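The values are calculated or read from the model by the stated rules, or taken from the named source; none is laboratory data. Small disclaimer: the values here were computed from a predicted structure and weren't measured. No Cβ is skipped: glycine too gets one built from the backbone with ideal geometry, and neighbour counts run over all protein chains shown.
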Amino acid sequence: MRRVRIFDTTLRDGEQAPGASLNAKEKLEIARQLARLKVDVIEAGFPASSKGDFDAVRTVGREIKGPVICGLGRCLRGDIEAVAEALRGAKRWRIHTFISTSDIHIQKQLRKSPEEVLAMARAAVRLARRFTDDVEFSPMDATRSRMEYLARVVEAAVKEGATTVNIPDTVGYTTPAEFGKLIANLFEMVPALRNVTVSVHCHNDLGLAVANSLAGVEAGVNQVECSVNGIGERAGNASLEEIVMALHTRRSHYNCETGVRTEEIVRTSRLVARLAGMPVQPNKAIVGANAFAHEAGIHQDGVLKGRDTYEIMTPQSVGLTESRFVLGKHSGRHMLSRKLEELGVKVSAAKLERIYDALMALADKKKHIYDEDIMTLVEDETGVVAEVFRLEDLEISSGSHKVPTAVVTLSKGKRKMSAQGRGDGPVDATYKAIDKITGLSPRLLDYGLRAISAGKDAQGEVTVRIRGEKGRETFGRGASTDVVEASAKAYVDAVNRLLRKPPAGKSARALDRF
C-alpha cells in the first residue's frame with residue numbers, strides 16, 4: 001500500500017490566517033503535539049520574515065524530534081540562508097523555496113521575465129543544496145500557470161537537486177478533475193518527477209481544498225500539505241484531519257495510508273483552536289462538536305442498534321470517547337427512554353408518552369435540553385415536590401472603598417430566614433449569604449449573564465452551574481433588571497434543584513450522577 005506523507009503547515013501557512021499569530025512558545029507547544037500526532041514534516045515558519053519567526057523556527061528545530069522540520073524562503077539568497085541558519089541545529093531538516101510561475105504573478109507581482117524567474121528558481125535550489133540534501137521547491141500559483149512553462153521550471157528544479165516538488169493551488173482556483181489532470185500531465189512531461197517526492201498544497205477559496213488534494217493523491221502524488229482545522233490564508237488550507245481520515249476511512253479506494261496517529265486528531269485540533277484563537281465550527285468534519293452527534297430520531301435509533309448505520313468512522317478513532325446523543329425536537333421516544341434509563345428513572349408507557357409530548361414542547365422553545373430539564377419534566381409528571389427556598393429580599397452595600405456586603409432573606413414554606421455575607425463583589429457576597437441560610441456550600445462551576453431585552457432598563461438573565469458535595473451538578477436561571485438580583489435568583493434556583501428529592505422509583509445514589 002502506497003504511503004502518503006503528511007506535511008503540516010499549521011505553524012507557517014496556518015499562522016498567516018488573520019488573527020492567528022502565534023509566539024515562539026505557542027509554536028513549540030503545537031509542534032510537540034504535531035510530533036505526537038506523527039506528521040511527517042512540520043513547516044515551522046518563514047525565518048526571513050521576522051526575528052520572532054526565525055527564533056521560533058530555530059527553537060522548534062532544536063526541540064522537536066521525529067518529524068522533518070522545514071523552513072520556508074523565497075528564491076532569494078537571504079531567505080535561503082536564513083532557513084539554513086535557523087535549522088542548523090535540527091536533526092532532520094528541509095529548506096522549502098518557492099517562486100511564482102503564473103503569467104499574472106510574473107507580470108504583475110514579480111515584474112520579471114519568465115526566463116529570469118526560471119534562472120532564479122535554478123539558483124535557489126542550487127544554493128539550498130549546498131546546505132542540505134533535503135530541498136523542496138514550489139512553483140507558486142501553479143494551477144494558473146502555462147503548462148509548458150510550469151513543466152520547464154519543475155524540470156529545472158529537479159535537475160538542480162530538488163528532492164520534493166510541490167504543486168500548489170495557491171489561490172484555490174482549480175477543480176478536482178482539472179487538478180488531477182494537471183498532475184498526470186506533469187508526470188508525463190517531466191519523467192524525472194517519478195524519482196522525487198511530488199506534493200500538493202491546496203487552498204480552500206472555493207471549498208475544494210480537500211477534494212483537490214485527494215485528486216492529487218489519486219493522480220500519484222505522495223505528499224499532501226495541509227493544516228490543522230484547515231486554518232490559513234483567506235479561506236484556509238486543506239484540513240489535515242479531513243485528508244488523513246479520508247485516506248484512513250477509504251483506504252481500499254485510495255490504496256494509500258499515512259503514518260498519522262489518528263487518535264491524537266481531536267486533541268491537536270482543540271490545542272490549535274485555543275492557541276490560535278480560532279474556534280472550530282460545530283459542523284466541521286471530523287473535529288466539530290456535531291461530527292459524532294445525533295439528534296434525529298431515525299439516526300439515533302439506527303446508531304443504537306448498530307453504529308455503522310450512520311457513522312462511517314468511530315469517535316474513538318479520532319480521540320473521542322463516544323458518540324453524543326442530543327435530545328431535541330427531532331428525537332424519538334426510543335432516545336428519551338434510553339436517557340431516562342441512564343438517569344435511573346422508570347416510568348410507565350403512558351407517562352413516557354406524556355413526558356415525550358412535554359419534551360417536544362420544550363424543545364420548540366430552547367436549543368439545548370439538559371438532564372435537569374428532563375428531570376423537571378419527570379418531576380412535573382410524577383408529582384415530586386422539591387424543597388423550595390424563595391428569594392424574599394436582597395439588600396446590597398457596595399462601593400469603590402467598601403467591602404461589598406449583602407443581606408439576603410429567603411423563605412422556606414412559611415418560615416423566613418436572613419443572613420449577611422461579605423465578598424469580593426456584590427454577587428459573591430450574595431452567594432455567601434445564601435450559603436449561610438441553606439447550610440450548603442456548593443462550588444460555582446459556571447456563571448453567565450446576557451441581556452434578554454433592549455435598552456438601558458433591559459432585563460438580565462443569569463445562568464449558573466453548581467456542584468454539590470457528592471459531585472452532583474445542577475444549573476439555575478434567574479432574570480431581573482437588577483443583575484445582582486438575577487444572580488441571586490439563579491443561585492437559589494440551582495440550590496433548589498440540588499435539594500430536589502428523587503422521583504418515585506429512583507434512588508438517591510442514582511440521582512448523584514447528575
The lone exception for GLN109 - which of (1) out of contact with any Ser or Thr (no Cβ under 8 Å at 6 or more places or on another chain); (2) modelled with pLDDT under 95; (3) of a type in the set (S, T, N, Q) it fails: (1)
Pair list, Cβ < 7 Å and 6+ apart or interchain, from region 30-47 residues that are among the small types (Gly, Ala, Ser) to residues that are buried (at least 20 other Cβ atoms within 10 Å of the Cβ) and part of a strand (DSSP E or B): ALA31/ILE42; ALA31/ALA44; ALA44/ILE69; ALA44/CYS70; ALA44/GLY71; GLY45/GLY71
Hey, does region 145-163 have a residue that's touching a residue at least 40 places away in the same chain (Cβ under 8 Å) and either out of contact with any helix residue (DSSP H, G or I) (no Cβ under 9 Å at 6 or more places or on another chain) or closer than 24 Å to ALA44 by Cα (or both)? no
Across region 163-205, the tally of residues that are under 16 Å from GLU242 (Cα atoms) and outside any strand (DSSP E or B) stands at 2
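Which ones in region 8-30 are of a type outside the set (Asp, Glu) and surrounded by 24 or more Cβ atoms within 10 Å (Cβ to Cβ)? Can you show your working first?
The initial filter retains those residues of region 8-30 that are of a type outside the set (Asp, Glu), namely 9-12, 14, 16-25, 27-28, 30.
Once the filter is applied, which keeps residues that are of a type outside the set (Asp, Glu) and surrounded by 24 or more Cβ atoms within 10 Å (Cβ to Cβ), region 8-30 yields THR9, THR10, LEU11, ARG12, GLY14, LYS27, ILE30.
Does region 377-389 contain at least one residue that is modelled with pLDDT of 85 or more and either under 30 Å from GLU341 (Cβ atoms) or surrounded by 16 or more Cβ atoms within 10 Å (Cβ to Cβ) (or both)?
Kept after step one, since they are modelled with pLDDT of 85 or more, are these residues of region 377-389: 389.
After this cut, where a residue has to be either under 30 Å from GLU341 (Cβ atoms) or surrounded by 16 or more Cβ atoms within 10 Å (Cβ to Cβ) (or both) as well, the list is 389.
Yes, because at least one residue in region 377-389 is modelled with pLDDT of 85 or more and either under 30 Å from GLU341 (Cβ atoms) or surrounded by 16 or more Cβ atoms within 10 Å (Cβ to Cβ) (or both).
For the subset of region 196-229 comprising residues that are among the small types (Gly, Ala, Ser) and in contact with a Pro (Cβ under 8 Å, 6 or more places away or on another chain), which member is farthest from ILE265 (Cα to Cα)? Spell out the reasoning first.
Of region 196-229, the ones among the small types (Gly, Ala, Ser) are 199, 207, 209, 211, 213, 215-216, 219-220, 227.
Pick out the ones that are also in contact with a Pro (Cβ under 8 Å, 6 or more places away or on another chain) and you get 211, 215.
Numbers: ALA211: 20, ALA215: 23 Å.
Per the stated criteria, the residue is ALA215.
I'd like the full set of residues that are assigned to a loop (DSSP other than H, G, I, E, B), within 17 Å of LEU444 (Cα to Cα) and at pLDDT 85 or above, limited to region 466-511. So that I can check it myself, show each step before the final result.
Within region 466-511, the subset assigned to a loop (DSSP other than H, G, I, E, B) is 468-472, 481-482, 500-507.
Still in the running and within 17 Å of LEU444 (Cα to Cα): 468-472.
Within region 466-511, GLY468 is the sole residue that qualifies.
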Being in contact with a Phe, Trp or Tyr (Cβ under 8 Å, 6 or more places away or on another chain) and in contact (Cβ under 8 Å) with a residue 40 or more places away in the chain is the filter; apply it to region 104-124 and report the residue that is nearest to GLY45 (Cα to Cα). ALA124
Got a sec? Which of THR268, THR262, THR309, THR249 is more than 18 Å from the chain's Cα centre (by Cα) and either touching a residue at least 60 places away in the same chain (Cβ under 8 Å) or not assigned by TED's automatic domain parsing to the domain that holds LYS339 (or both)? THR249
Failed condition for SER317, given (1) at pLDDT below 80; (2) surrounded by 14 or more Cβ atoms within 10 Å (Cβ to Cβ); (3) part of a helix (DSSP H, G or I): (1)
Looking at (1) without any contact (Cβ under 8 Å) to a residue 24 or more places away in the chain; (2) over 29 Å from ASP133 (Cβ atoms); (3) not polar (S, T, N, Q), can you tell me which one ARG194 breaks? (2)
If you go through region 91-100 one residue at a time, do you hit one that is assigned to a helix (DSSP H, G or I) and in contact with a strand residue (DSSP E or B) (Cβ under 9 Å, 6 or more places away or on another chain)? no
Being part of a helix (DSSP H, G or I) and out of contact with any Ser or Thr (no Cβ under 8 Å at 6 or more places or on another chain) is the filter; apply it to region 246-264 and report the residue that is surrounded by the most Cβ atoms within 10 Å (Cβ to Cβ). ALA246
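Yes/no per residue for (1) modelled with pLDDT under 85; (2) of a type outside the set (Ser, Thr, Tyr); (3) in the same structural domain as ASP357 (by TED's automatic domain parsing); (4) surrounded by 14 or more Cβ atoms within 10 Å (Cβ to Cβ):
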| site | (1), (2), (3), (4) |
| --- | --- |
| LYS402 | no, yes, no, no |
| VAL408 | no, yes, no, yes |
| GLY413 | no, yes, no, no |
| GLY421 | no, yes, no, yes |
| ASP428 | no, yes, no, yes |
| LYS436 | no, yes, no, yes |
| ALA454 | yes, yes, no, no |
| VAL464 | no, yes, no, yes |
Name the residues in region 23-82 that are in a helix (DSSP H, G or I) and either among the aromatic types (Phe, Trp, Tyr) or at positive phi (or both), would you? PHE54
Could you go through region 103-122 and let me know if any residue there is surrounded by fewer than 22 Cβ atoms within 10 Å (Cβ to Cβ) and touching a Gly at 6+ places or on another chain (Cβ under 9 Å). no
Of the criteria (1) free of Cβ contacts under 8 Å to residues at least 60 places away in the same chain; (2) farther than 24 Å from VAL135 by Cα; (3) assigned by TED's automatic domain parsing to the domain that holds ILE6; (4) not in a helix (DSSP H, G or I), which one GLY220 fails: (2)
